[in-house]
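Enquirer: To start, I am sharing the structure in question, which I have written as structure tokens.
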Amino acid sequence: MSWNIRAGGGVRAQHIASQLSTWQTDVAVLLEFRGTEASVHIAKSLADYGLKFQRNTVDRQNPAVNSVLIASRWPMRRVSLSRAPDNPRRWLHVNIDAPEPFALMGIHIPNRSTGNKYPFMQSVIDIASQWRGPPAVIAGDTNSGRIGIDEESPAFNKTEDNWICNLQQLHWTDIYRHASSSDSPYTWYSPNGRNGFRLDQMFLNNRLLQRQKNFSHVWGGDTTHRLESLSDHAALILDLD
């Protein structure tokens, strides 16, 4: 499961932890995780119901900076690559020692305004193009999408569109496009225009794609209505054989 929990969880932390337990996930990728009390509560709750193996990218000197957490039911090993994006808070690569092991790369691609978005995206392409490792998934908030397809109003540019197409050409499948199991393609809605966009994706290499069973976008909360959800992002839930 991959989920941008928005600003570390804040006052929603207890409900987010409860929702994660309800989904009974075996591996969770949380984006906008922080070193704050709310996020720490979520991490502890994950450990309490079985996801005790955890890694995160929190900056201890700046705990309120958005980071990535991966929590797993099985042991995992953090992996360092020379080609990894030069943004250690927004990239976390681990190997999961599940009964059928796989590699997981949790990503939170920056916005254009940071000036770091396109170098980050290129690093992901470099890794994908040279991948010789185990079955693998790239999962997270990419702040990117296909022009005219993943947007309710114009937002994405050719670089972002081409990035997703390039991953497909490198045999990293956008599982939403492959499974088509969600009623709506959108995983985030703008607070002002209330326009929908699909910013969150999972890309599976061919070896992991063979094990895909189900995939869905889910709005966490007491209902599945996004306006009453626990985050401004939908969660991505992938079932593997």
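The values are calculated or read from the model by the stated rules, or taken from the named source; none is laboratory data. Since this is a predicted model, take the numbers as computed values, not measurements. Positions of Cβ are generated from backbone atoms using ideal geometry, with glycine treated the same way; all protein chains shown enter the neighbour counts. We work out accessible area using only protein heavy atoms, side chains counted, and drop any ligands, DNA or RNA first. Shrake-Rupley method; radii C 1.70, N 1.55, O 1.52, S 1.80 Å.
Enquirer: Report, by residue number, each residue of region 61-75 that is surrounded by 15 or more Cβ atoms within 10 Å (Cβ to Cβ) and under 18 Å from Asn116 (Cβ atoms).
Expert: If the condition is that a residue be surrounded by 15 or more Cβ atoms within 10 Å (Cβ to Cβ) and under 18 Å from Asn116 (Cβ atoms), then Val65, Asn66, Ser67, Val68 are the ones that fit.
Enquirer: Just checking, which of Arg78, Arg83 is open to solvent by 60 Å² or more (accessible area, probe 1.4 Å), without any contact (Cβ under 8 Å) to a residue 60 or more places away in the chain and closer than 21 Å to Asn162 by Cβ?
Expert: Testing whether each residue is open to solvent by 60 Å² or more (accessible area, probe 1.4 Å), without any contact (Cβ under 8 Å) to a residue 60 or more places away in the chain and closer than 21 Å to Asn162 by Cβ leaves just Arg83.
Enquirer: Is it the case that region 90-100 has a residue that's in contact with a Pro (Cβ under 6 Å, 6 or more places away or on another chain) and surrounded by 22 or more Cβ atoms within 10 Å (Cβ to Cβ)?
Expert: For region 90-100, residues in contact with a Pro (Cβ under 6 Å, 6 or more places away or on another chain) and surrounded by 22 or more Cβ atoms within 10 Å (Cβ to Cβ): present.
Enquirer: Report, by residue number, each residue of region 103-130 that is within 12 Å of Asn205 (Cβ to Cβ) and open to solvent by less than 40 Å² (accessible area, probe 1.4 Å).
Expert: Passing the criteria: Ala103, Leu104, Met105, Ile127, Ala128.
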